[in-house]
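Trainee: Below you'll find the structure I mean.
The values are calculated or read from the model by the stated rules, or taken from the named source; none is laboratory data. Quantities reported herein were computed from a predicted structural model and do not represent experimental measurements. For neighbour counting, all protein chains shown are included, and Cβ atoms are generated from backbone atoms with ideal geometry for every residue, glycine included. The protein model used for the area step is the full one, side chains on, heavy atoms only, and it has no ligands, DNA or RNA in it. Shrake-Rupley method; radii C 1.70, N 1.55, O 1.52, S 1.80 Å.
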Amino acid sequence: MIHMLSSFDLKPAQDPDVFQADYAEFVEDLITAGMIVSAGPLGKRVADTPMDTDDDRDHSWFSTMSFRDRAQLDAAYAYIEARQNPSTKSHIRMYRRITNSIFLCWEDQPPEKDTP
């Protein structure tokens with residue numbers, strides 16, 4: 001499984017509830033089209049704890065999406081970039097509300113086998 005972490009801020013004067021509705025529609029569009037396996041809820045950063053050690057970035061919002069494999073990840077990117085499908089409108093509405101976006105992807109690794 002491959003996962004993507006999106007870190008971002010909302011542009012000034014953006015309503016978080018409106019953004020959340022746009023995000024939910026975008027996720028549903030991607031799931032319906034078979035472009036993602038799942039997505040987590042939107043998360044708001046809790047920076048005032050010693051558990052948050054990222055001093056280089058000050059993003060306030062986060063989300064995760066999961067892909068079955070690299071083929072689905074690449075297909076999802078192409079699907080969005082094509083701008084020819086139902087998720088284009090929901091992606092644009094959501095994306096226009098954010099700023100300072102950074103996206104990270106990682107792949108689950110199989111557990112290491114015990115060696116004698």
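Trainee: Counting Lys and Arg as +1 and Asp and Glu as -1, each charge on the Cβ, what is the dipole of the chain about the Cα centre in debye, to the nearest 20?
Mentor: Taking the Cα centre of the chain as origin, the dipole is about 520 debye.
Trainee: Calculated from DSSP H runs of 4 or more alone, at -39500 (n - 2.57) each and per residue, what is the 222 nm mean residue ellipticity of the chain, nearest 500?
Mentor: Estimated from H runs of four or more residues: -11000 deg cm²/dmol.
Trainee: With every protein chain left in place and a probe of 1.4 Å, what is the accessible surface of VAL46, to the nearest 10 Å²?
Mentor: VAL46 exposes around 90 Å² with every protein chain in place.
Trainee: Label points 7 Å out from Cα along the Cβ direction at TYR95 and LYS113: separation in nm?
Mentor: For TYR95 paired with LYS113, the spin-label model returns 4.3 nm.
Trainee: Still on this model: Looking only at ASP52, ASP17, ASP74, which one moves most when the chain is put into a Gaussian network model with springs between Cα atoms under 10 Å?
Mentor: Between ASP52, ASP17, ASP74, it is ASP52 that shows the largest mean-square fluctuation.
Trainee: Return the distance in nm (one decimal) between the two label points of a simple spin-label model at THR32 and THR64, each offset 7 Å from Cα along Cα→Cβ.
Mentor: The two pseudo-label positions are separated by 2.6 nm.
Trainee: Rounded to a whole number, what % of the accessible area of the chain do carbon and sulfur atoms account for, probe 1.4 Å?
Mentor: Carbon and sulfur together cover 54 percent of it.
Trainee: Using a 1.4 angstrom probe with every protein chain in place, what is the largest-first accessible-area order of LYS89, LYS11, LYS113, LYS44?
Mentor: Output order, biggest surface exposure first: LYS113, LYS89, LYS44, LYS11.
Trainee: Which whole-number percent gives the relative contact order of the chain, counting Cα pairs below 8 Å spaced six or more residues apart?
Mentor: Relative contact order for the chain comes out at 48 percent.
Trainee: Where does each of TYR77, TYR95, TYR23 land when they are ordered by accessible area, with a 1.4 Å probe and the largest first?
Mentor: Most to least solvent-accessible, the answer reads TYR77, TYR95, TYR23.
Trainee: Can you give the accessible area per residue of the chain, in Å², using a 1.4 Å probe?
Mentor: Value returned for the chain: 68 Å² of accessible area per residue.
Trainee: From the Cα trace of the range 21-116, what convex hull volume per residue do you get, rounded to a whole Å³?
Mentor: Taking the convex hull of the Cα positions in the range 21-116, it is 148 Å³ per residue.
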